[in-house]
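Report on the structure given below.
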Amino acid sequence: MALKEPPPYVAGHNLLEGKTVLITAAAGAGIGFAAAKRAAEEGARAVTISDIHQGRLEKAVAALKEDTSLDRVYGKLANVTVEEDVRSLVDFAEEHMSSVDVLINNAGLGGTRLLVDMPDEEWSRVLDITLTGTMRMTRYMLKKMQPRGQGVIVNNASVLGWRAQKEQCHYAAAKAGVMALTRCAALEAADHGVRINAVSPSIAFHEFLKKTTPMELLEELAAKEAFGRAAEVWEVANTMMFLASDYSSYMTGEVLSCSSQRA
């Protein structure tokens with residue numbers, strides 16, 4: 001079956017009007033950049049993005065300003081595996097945007113490897129970036145949001161946190177951890193008026209994914225989707241915008257599937 005065409009791009013509806021947004025790993029052409037673009041289109045007054053590559057970060061900041069006409073777009077180098085970088089990123093965003101209303105934890109690392117062939121270093125790197133990096137960002141961001149009595153954190157999980165797939169033991173374990181972290185941290189943060197939820201995509205094509213996963217496998221997975229195609233990155237970002245907005249004001253500790261397959 002041929003892959004079906006995606007729907008038309010959805011216009012913004014000011015879901016984040018007047019809010020400030022910080023997004024990790026948002027340079028490039030993946031979900032993070034799509035979320036940054038959508039945040040600007042949804043009325044955010046300022047957006048800060050991070051990445052680990054200076055050149056890619058600068059291009060992303062310039063592209064966001066050009067594509068959305070939002071002047072207040074800031075970029076900061078940061079590696080979520082380094083606590084000093086995490087604190088520096090959050091402090092930078094707080095200073096340049098006056099405060100952070102929404103944090104989107106998008107940083108993550110995948111790969112394809114049979115467990116029997118997986119070295120400790122590969123396992124640890126995937127978990128350190130994907131799970132522990134999300135924890136580090138959440139931990140320090142809560143120190144800022146909780147005293148204010150408000151704020152929203154949206155984590156990027158995956159349906160692999162629920163489902164099994166060969167050669168994904170490290171990534172699936174990390175994303176299952178993100179789901180558990182989301183649920184537990186949300187209960188703690190609720191006492192302070194802060195909401196924490198997660199989006200759980202199935203498959204969304206972007207350049208980084210194509211570099212880390214065989215195209216034959218990606219096409220096979222996409223063909224199994226109900227719509228016969230992978231998600232567009234902006235479709236996942238749309239779900240993030242809902243969770244970041246006041247439309248989801250009674251939701252916390254939830255993992256919202258963005259998928260056309262059975263969870």
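The values are calculated or read from the model by the stated rules, or taken from the named source; none is laboratory data. Note that the coordinates shown come from a computational prediction; the quantities given were computed from them, not determined experimentally. Cβ: placed from backbone, ideal geometry, glycine included. Neighbour counts: every protein chain shown.
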Worksheet entry | Thr134 vs. criteria over 17 Å from Ala39 (Cβ atoms), in contact with a strand residue (DSSP E or B) (Cβ under 6 Å, 6 or more places away or on another chain) and surrounded by 20 or more Cβ atoms within 10 Å (Cβ to Cβ) | yes
Worksheet item: Any residue in region 14-26 that is aliphatic (A, V, I, L, M), in contact (Cβ under 8 Å) with a residue 60 or more places away in the chain and more than 22 Å from Gly151 (Cβ to Cβ)?
Response: no
Fill in: Unique residue being closer than 20 Å to Ser200 by Cα and touching a His at 6+ places or on another chain (Cβ under 8 Å) when the list is Leu160, Leu109, Leu127
Leu127
Worksheet item: All but one of (1) modelled with pLDDT under 95; (2) buried (at least 20 other Cβ atoms within 10 Å of the Cβ); (3) of a type in the set (Phe, Trp, Tyr) hold for Trp162; which doesn't?
Response: (2)
Worksheet item: Are any of the residues in region 95-110 closer than 19 Å to Val194 by Cα and hydroxyl-bearing (Ser, Thr, Tyr)?
Response: yes
Response to the item:
For region 87-108 the number of residues that are farther than 25 Å from Thr239 by Cβ, of a type outside the set (Asp, Glu) and in a helix (DSSP H, G or I) is 4
Discussion item. It is to be established whether one or more residues within region 30-38 are assigned to a loop (DSSP other than H, G, I, E, B) and closer than 30 Å to Gln165 by Cβ.
Written reply: yes
Worksheet, complete the sentence: The lone condition Gly111 fails out of (1) modelled with pLDDT of 95 or more; (2) in a loop (DSSP other than H, G, I, E, B); (3) farther than 30 Å from Gly43 by Cβ is (1)
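For region 225-247, name all the residues that are of a type in the set (Gly, Ala, Ser) and either over 20 Å from Thr24 (Cβ atoms) or not in a helix (DSSP H, G or I) (or both).
Selection gives Ala226, Gly228, Ala230, Ala231, Ser245.
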